Amino acid sequence: MNKKYLETIKALDGKLFHLEYHQERLDFVLKDIKAKVTYSLRDLLSPPPSSLYRCRILYSADSFEVEYIPYVKREIKTLKLVYDDAVAYSKKYENREAINKLFLKRESCDDILIVKNGLITDTSIANVAFYDGTLWITPSVPLLKGTTRERLLKEGKIEQNDIKVEDINKFTKVAVMNAMVDFDIIAEENIREIIC
């Protein structure tokens, strides 16, 4: 059975956001798995005309499914450091079992901050960036190169570098980023309080 992959696209009042970045990633995955099919997101998607939705696309080399789910933002105020040197999520797979298992280790925290080989990667649902007083830095080796992360790198709004656990205290702010929240600053000033 073929693996299935996901795309999540923000749809607000019938408008799809940053479609070209999602199309680029979808095309890359299909090429990488040597699929003989292509899908045009612009032609296949028609979100509801009002309100905010998460357009969830589940696809493979031989299937394409779309659902529009009313979006409710998950509030993230605290992050639990979890360590796993084997976790891998280089493509946005439907199967998130490894990340879900790590998420269960969050205890009383809102989400996790995954550490792999001593380096900060991502939360369970988003890429991260840290502010050093001058620049926003995102980990150079995330688990998943998210579309928002790629767009903000291309626009020069964030830069990438390795971030070790011990580097966290050098930063003053932390933000999460994904297709639905864009760039969301979740801690300002005392960043240590967000790590629980």
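Structure notes:
- Failed item in (1) without any contact (Cβ under 8 Å) to a residue 24 or more places away in the chain; (2) surrounded by 15 or more Cβ atoms within 10 Å (Cβ to Cβ), with Glu97 passing the rest: (2)
- Restricting region 166-196 to residues that are among the aliphatic types (A, V, I, L, M) and in a helix (DSSP H, G or I), the residue that is farthest from Phe130 (Cα to Cα): Ile194
- Of the listed requirements (1) more than 19 Å from the chain's Cα centre (by Cα); (2) more than 13 Å from Phe64 (Cβ to Cβ); (3) among the polar types (S, T, N, Q), Ser40 misses just one: (2).
- Region 1-31 - residue that is surrounded by 11 or more Cβ atoms within 10 Å (Cβ to Cβ) and modelled with pLDDT under 95 and, of those, nearest to Asp182 (Cα to Cα): Lys3
- Qualifying residue in region 55-72 (condition: within 30 Å of Glu189 (Cβ to Cβ), out of contact with any strand residue (DSSP E or B) (no Cβ under 8 Å at 6 or more places or on another chain) and at pLDDT 95 or above): yes
- Residues of region 112-125 include at least one that is in contact (Cβ under 8 Å) with a residue 12 or more places away in the chain and closer than 27 Å to Pro48 by Cα.
- When Thr78 is tested against (1) out of contact with any helix residue (DSSP H, G or I) (no Cβ under 9 Å at 6 or more places or on another chain); (2) among the β-branched types (Val, Ile, Thr); (3) within 17 Å of Phe171 (Cα to Cα), only condition (1) is not met.
- Checking each residue in region 147-164 for being within 20 Å of Ile114 (Cβ to Cβ), among the charged types (D, E, K, R), outside any loop (DSSP other than H, G, I, E, B) and touching a residue at least 40 places away in the same chain (Cβ under 8 Å) picks out Glu150, Lys164.
- Failed condition for Ala98, given (1) in contact with a strand residue (DSSP E or B) (Cβ under 9 Å, 6 or more places away or on another chain); (2) not in a loop (DSSP other than H, G, I, E, B): (1)
- Any chance Ile125 is at pLDDT 95 or above and within 15 Å of Glu75 (Cα to Cα): yes
- Selection status of Arg25, in a strand (DSSP E or B), under 27 Å from Leu152 (Cα atoms) and of a type outside the set (A, V, I, L, M, F, W, C): no
The values are calculated or read from the model by the stated rules, or taken from the named source; none is laboratory data. Note that the structure is a prediction, hence the values are computed from the model and not measured. Methodologically, a virtual Cβ is constructed for each residue, glycine included, from the backbone with ideal geometry; neighbour enumeration extends over all protein chains shown.
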